[in-house]
Every structure is written in C-alpha cells, then in structure tokens.
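Scroll down for the structure; my scribbles are underneath it.
The values are calculated or read from the model by the stated rules, or taken from the named source; none is laboratory data. Quick caveat, the model's predicted, so the values are computed rather than measured. Here the Cβ is made from the backbone with ideal geometry for all residues, glycine too, and neighbour counts use every protein chain on show. Just the protein is used for accessible areas: all its heavy atoms, side chains included, with ligands, DNA and RNA removed. Shrake-Rupley method; radii C 1.70, N 1.55, O 1.52, S 1.80 Å.
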Amino acid sequence: MNNEQIVEQFRQNLAHVNQRISAAAVRSGRTAADVQLVAVSKYVDAAMTDLLIQAGANVLGENRPQALDEKFQTINQPGVQWHLIGHLQRNKVKKVVSQAALIHSVDSVRLIDAIDKAATDQGLVAEVLLEVNVSGESAKHGFTSEEVAAALDHASALSAIKVTGLMCMGGLASSDDDVRSEFAQLRELRDRLDSDSLIHLSMGMSGDFETAIEQGATLVRVGSTLFQGVER
Ligand SMILES: *Cc1c(COP(=O)(O)O)cnc(C)c1O
C-alpha cells in the first residue's frame, strides 16, 4: 500500500467508526458531538500515526509516555491533541504534563500530587481523569470505587490539577452484560459523586465502544478497528 491508499483506508475506517459513534449516541439520547473519539495510535510508528492524522484523526491516544513523547516531537500537525491513556509512573510526569491535553489514567494520590507539582513548576493546569477499577480485579490499575471520593477531595485542594472525569478499562469482563454493567457502574459512581466538574466518562474500546456510549461515555478510546485493512 502506498501512503495515499493508507490515508484513504484510514478515512473510510474513521468514517465508519464515527457513524457507529453517532448511532450509539442517538440511542443514548445524545448526539455525535457529545462523544469524542480518541484514536489510539499505540500500535503504529510516528510515520503511520501521521497518516492517520492526515485522514482526519485529531485526538490521539498513546498508552506509553515514551511513545507519546516521540510522536509529540516528530509529528508537527496543528490542531492535534495527545492523550495519555496508559499507566503513568511518577518519574515520567514532567514531560507528559507539558505534552498531554488529557491524562486518562491517574490511579493514585501520589500521582495526583506529582502531577500537581510538575504542572505548578511549568505554570500549567493539568487536566486529568481518575482511573477506576470498577470490577475490582486485582491485576489492574485504578482506584477502587470507594477510594474515588477521597482522591477527588484531595485533588480539589490543589491548584494545578483539574479532575474532569472518570475512566475505566472494562473489556476484560467475560460477557457483554458484564461489560455493560461495568460501564453503568462507572456512570453511577460519577452521578453519586455529584460534582459538576466530572463531565467526562472515558470508557469503551474497539470491542465495546457502542455499549460504552449507550451507558454515557463521552470519550471512547478506539485503536485496532481503525487499523483494519492497513498493513502495519
Ligand atoms: C490499547 C488501548 C485501547 C484501544 O484498544 P483497542 O481494542 O485496540 O481499540 C484503549 N484504551 C487503552 C487504555 C489502551 O491501552
């Protein structure tokens, strides 16, 4: 495939995903404008990510700080936002804070403090989501549902970090019903916290983003579906 063919394939894939987003949004009583596609580019290198951007993706998700840094430095496209969606270690916070428009995966109070400090040092306000381990599986990162309120309280006392929502991984559940119930639990948790600033629910990936939207997702993190038909 040459680059034009790849861009064309990406265009078709993006159009198809956007149609599915739109239909699911309507089913949940909303519109496509209420749901942001985060195009997860972690599977491909900077050159291929650049083609995805040329095809129209403008919010890109990376799960590793190193990859985010590399693409941030090499891809110089105006109007593109980078989101960190994967685990963040405290020693990587400094760069991420200056590069990511949104960090989806804040999973500890110590990380909240580190982000606030790095953002303060750089004169920024970092926008983040708190990752919640809704299903309680021990292998995963994230706050338990019980810990979220205290973490939010803690963050609200800091001036350089702004929590605008919650994120969950989902998808590891065995049945569609379990996935749907995890997404519903994240939404219910957000509603119980009764905070006007929690506008985002980041949930849903290639296999379950429509279910997530039906349960209230405002950000869907879609990777593999976007790369169908493209040799990589
Ligand atoms: C890879 C990844 C995704 C995208 O998953 P796909 O199944 O490829 O769509 C979403 N969220 C996170 C945190 C990821 O690491």
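Of note:
- Among (1) within 16 Å of the ligand (Cβ to nearest atom); (2) under 27 Å from residue 49 (Cα atoms); (3) more than 17 Å from the chain's Cα centre (by Cα) - the single one residue 231 does not satisfy: (1)
- Given (1) over 16 Å from the mean Cα position of the chain (by Cα); (2) within 17 Å of residue 137 (Cα to Cα); (3) not in a helix (DSSP H, G or I), number of the condition residue 195 does not satisfy: (2)
- Top-ranked residue in the range 17-59 [being open to solvent by 40 Å² or more (accessible area, probe 1.4 Å) and in contact with a strand residue (DSSP E or B) (Cβ under 7 Å, 6 or more places away or on another chain); ranked as nearest to the ligand (Cβ to nearest atom)]: 42
- Residue in the range 165-182 that is touching a Cys at 6+ places or on another chain (Cβ under 8 Å), assigned to a helix (DSSP H, G or I) and either in contact (Cβ under 8 Å) with a residue 40 or more places away in the chain or of a type outside the set (A, V, I, L, M, F, W, C) (or both) present: yes
- Conditions (1) at pLDDT 95 or above; (2) crowded, with 18+ Cβ neighbours inside 10 Å: number failed by residue 179: (1)
- Within the range 187-212, being hydrophobic (A, V, I, L, M, F, W, C) and away from the ligand (no atom under 14 Å from the Cβ) holds for 189, 193, 198, 199.
- Contact map, the range 107-119: first residue open to solvent by 20 Å² or more (accessible area, probe 1.4 Å), second residue in a helix (DSSP H, G or I), Cβ cut-off under 7 Å, separation 6 or more or different chains; pairs are 109/151; 109/154; 110/90; 114/90; 114/93.
- Filtered residue count, the range 147-173, keeping only those that are at pLDDT below 95 and more than 16 Å from the ligand (Cβ to nearest atom): 0
- The listed residue being surrounded by fewer than 22 Cβ atoms within 10 Å (Cβ to Cβ) and at pLDDT below 95, out of 231, 210: 231
- If you filter the range 213-225 down to residues that are within 8 Å of the ligand (Cβ to nearest atom) and either surrounded by 24 or more Cβ atoms within 10 Å (Cβ to Cβ) or part of a strand (DSSP E or B) (or both), you find that the one that is nearest to the chain's Cα centre (by Cα) is 221.
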